[in-house]
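Only the coordinates and a few stated rules stand behind these numbers; no lab work does. Here the structure is a predicted model, which means the values were calculated and not measured. Backbone-built Cβ (ideal geometry, glycine too); neighbour counts: all protein chains shown.
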Amino acid sequence: MSESFSSYPMLTDDIYHAIGYVTEYPECTYTDNYEEFPLIIDGINGSASSFNGKIRDSRCAWYPDTRNLKVTKKCRLTSAYILFGLNGIASSNATLGVALRWISSKSDERGIIPIGALVRTDSTKEFQIEAVFDKGTLKGSLKLQTVLYLKDPGKATPAESHFAHQSGVILGILDQAELFIDGNGSIFPIVTIDEPGKSLWQVYYNESCDPLQDGFDSENVEIRLNRAHPNFDALRIDASISESPLFLEVISSALMVIVESAKESLGEDWNTTLSGDGYQSGSIAEAINYFVTRLQWDVSSPVNLAQSIKDFFEKNS
Amino acid sequence: MDWIELKKDSAQAAFDEYFINRKIDPAPQFAELRNDLCMLFDNALSDIGITSEEISQKNNSYQLDLLFGIKLYSTLNEKYGMNVRYAATDGIWRYISVCVVPDLVEKRYGLEHPDRFWKKPKRLWLRVLWWYIYLSWQGSEEETYNVLKDNSTDEILQLVDRCGRGGYRVDLCRTLMRKNSELDPGERRKNQIFRKMLVLNTARVQVLEPELSSGGNKGYVDSLYEYFQK
């Protein structure tokens, strides 16, 4: 789970597998009148080391406005020594750290919580992770990443001079999760409407929005499916997208309209968007950058864009 | 407080209406908030010793932003339950800006800047003030004022505009603001040190977490400053 290209060694998939990293799904609780209550993570999608899910309270008393959120979990490395020395990611006498990075991009806040340290002589090492978020601080979703970082570079031998040497540098992600706090956790803003006589689907794109600043959310961008249309049932929106070729076609076409609309309104900011600069977190431009860089959509022409979006859904649904 | 969120198109319509008839008619639960904000605004003007016609002269606009901003921040938080979650909700600020105190935004910016009323989320004047104070907060109004008193509107823009991917690192922002206040005001302005430190920070946080570096946020901020002293 390496983070990005860098000039020094980072955690590779091979090293990640070799260190025997094991984690579990986090436990979420909240405090009500000095008593702690469990929360449920619903609709888990993925494994303990990479998943998303929605937080739900069986007592219906937890709201992010009025209650805190405590997240705890354990994680373990069985062969930490592999991280050190020539074949690792830090010099033999360096100290690595494990930390929990959290991001609540809709509330414009992020932070990092140091958890513990690792040195070469550690074999099996277990960490207890705990984070408490005050009421009124989280919005949208809470992204959690357990990261490995350079705590102390130590004294590198000449052969180890290629390792990162600045303390605080992030060397890799051990696990990641996204807990949805508000809303349904849907990646795309899709709603159903009831408009007899109108088309099966339409795209709303707010022409007056600033795609560099304004959010990729239903205030500015929305895919609207018309319940009143005779073919609505054929969309089978409750089935998975792989079981509904019509739904796949609609979503692919709608996303193409969104990307093309954003391109139009971005104008000369289009290229900076593609290079990952100049936009706000959660903005339409950030979503476009994600489509292009992470999902590999080809924006070189409308034909290529349509094809690459369809290919993406064919492969991933 | 039962906040109201205003969508962008509704905010534009409300702003257009205010533009024509100057009518201010907030929902009943906002009447007290309106009174409070108008009073805080007037108090800030009288503390600076100016009238609303003199806001745009000299450094008055920053002094108003600072004095009014600190009181706005404290009053909204303590009396009306404002928190980060609400403060990050654009629709809430659009409602306050366009329906509760559009006259105050007008006095500060005139009506030719819809960005400050409803158009650009990160430029809404009242939202900007709240976040400027929140990201600079030093534990009390007095301490915060002391750290910000020699700044200008440029620092507000630089700080609040650079949210960064994922959001603000709040403790880092507060450490940066303290460091900036310790520098000579003349040198700061001449060399644009604050802006340079923020630009360098944006590059560095791509690969490291300041809080995890040796010396923590303070050591990290010192290193940002020292980089430009070589």
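Observations, loosely collected:
- Protection proxy ranking, peptides B:102-109, A:89-96, average beta carbon neighbours within 10 Å, highest first: A:89-96, B:102-109
- Sparse-neighbour loop sites [GluC sites (Glu not before Pro); segment A:139-239; at most 12 other C-beta within 10 Å; DSSP]: A:GLU207
- Under 11 Å, Cβ to Cβ, from B:THR153 - net charge with Lys/Arg +1 and Asp/Glu -1: -2
- Across all C-alpha atoms in the protein assembly as shown, the radius of gyration and Dmax reach 25.2, 75 Å.
- Site pair A:ASN304 and B:ASP150 shows an inter-label distance of 5.3 nm when each label is modelled 7 Å from Cα along Cα→Cβ.
- On the basis of the beta-carbon distance and an R0 of 22 Å, B:MET39 and B:ALA13 show a calculated FRET efficiency of 0.15.
- Amide H contacts for A:ASP175 (H built 1.01 Å from N in the peptide plane; partners 5 or more residues away or on another chain; cut-off under 5 Å): A:THR146.
- The trypsin sites (Lys or Arg not before Pro) of segment A:236-306 meeting both criteria, a DSSP state outside H, G, I, E and B (loop) and at most 10 other C-beta atoms within 10 angstrom of the site's C-beta, are A:ARG294.
- Test item: B:208-218 mean partner chain Cβ contacts at 10 Å: 6
- In a fully extended conformation the segment linking A:SER275 and A:ILE193 would gain 25.9 nm over its present Cα-Cα distance, using 0.36 nm per residue.
- Exposed loop sites here mean chymotrypsin sites (Phe, Trp or Tyr not before Pro) with a DSSP loop assignment and at most 12 other beta-carbon atoms within 10 Å; chain A contains its longest site-free run at A:35-317.
- Percentage relative contact order, segment A:1-139, counting C-alpha pairs under 8 Å, at least six apart: 25 percent
- For segment A:190-316, alpha-carbon Rg over 2.2 N^0.38 Å: 1.08
- Looking at segment A:190-312 alone, DSSP beta bridges between its own residues are antiparallel in about 60 percent of cases.
- Couplings 3J(HN,Hα) for segment A:156-166, derived from phi with the Karplus relation 6.51 cos²θ - 1.76 cosθ + 1.60 (θ = phi - 60°), are 7, 6, x, 6, 9, 5, 7, 6, 4, 10, 9 Hz, where x marks Gly and Pro.
- Fully extended contour minus Cα-Cα distance, from A:GLU260 to A:GLU27, at 0.36 nm per residue: 79.7 nm
- The shape of segment B:101-230 can be summarised by an equivalent ellipsoid whose semi-axes, obtained from the alpha carbon gyration tensor, come to 27, 16, 14 Å from longest to shortest.
- Length gained when the stretch A:ASN93-A:TYR63 is fully extended (0.36 nm per residue, less Cα-Cα span): 6.2 nm
- Over chain A: helical MRE at 222 nm, DSSP H runs n ≥ 4 each giving -39500 (n - 2.57), nearest 500: -6000 deg cm²/dmol
- Cβ-defined net charge surrounding B:GLY215, 14 Å radius [Lys, Arg +1; Asp, Glu -1]: -2
- The share of Cα pairs per 5 Å bin across segment A:40-155, counted from zero up to the longest distance, runs 2, 10, 17, 20, 16, 12, 9, 7, 4, 1, 0 percent.
- Loop trypsin sites (Lys or Arg not before Pro), segment A:20-104 (other Cβ atoms within 10 Å of the site Cβ: 12 or fewer; DSSP): A:ARG59
- Amide H contacts for A:ILE55 (H built 1.01 Å from N in the peptide plane; partners 5 or more residues away or on another chain; cut-off under 5 Å): A:ASP42, A:PHE180.
- Electrostatic bookkeeping for B:TYR73 treats Lys and Arg as +1 and Asp and Glu as -1; over the other residues with beta carbon under 12 Å from its beta carbon, the sum is 0.
- Most mobile listed residue (B:ALA11, B:ALA87, B:ALA27) in chain B, GNM with C-alpha springs under 10 Å: B:ALA27
- Across chain B, the relative contact order, built from alpha-carbon pairs under 8 Å that are at least six residues apart, equals 20 percent.
- Efficiency of FRET from Cβ geometry, B:LYS218 and B:GLU53, R₀ 41 Å, rounded to 0.05: 0.45
- Computed from the C-beta positions of B:GLN138 and B:ILE20 and an R0 of 45 Å, the FRET efficiency is 0.55 to the nearest 0.05.
- Cut-off 11 Å, label 7 Å out along Cα→Cβ of B:LEU200, residues of segment A:266-310 by amide N: none
- Pairs of Lys residues in segment A:13-180 are counted when their Cα atoms are under 22 angstrom apart and they lie 8 or more places apart or on different chains; the count is 24.
- Chain A: C-alpha pair distances exceeding 36 Å, %: 31 percent
- Counting Cβ atoms of other protein chains within 10 Å of each residue's Cβ and taking the mean over peptide A:136-147 gives 2.
- Spatial offset of segment A:63-90 relative to segment B:52-88 amounts to 40 Å, using the alpha carbon center of each.
- Evaluated at q = 0.15 Å⁻¹, a Debye calculation over the C-alpha positions of segment B:1-148 (equal weights, vacuum) places log10 I(q)/I(0) at -0.73.
- 10 Å Cβ neighbours from other chains, averaged over peptide B:157-168: 5
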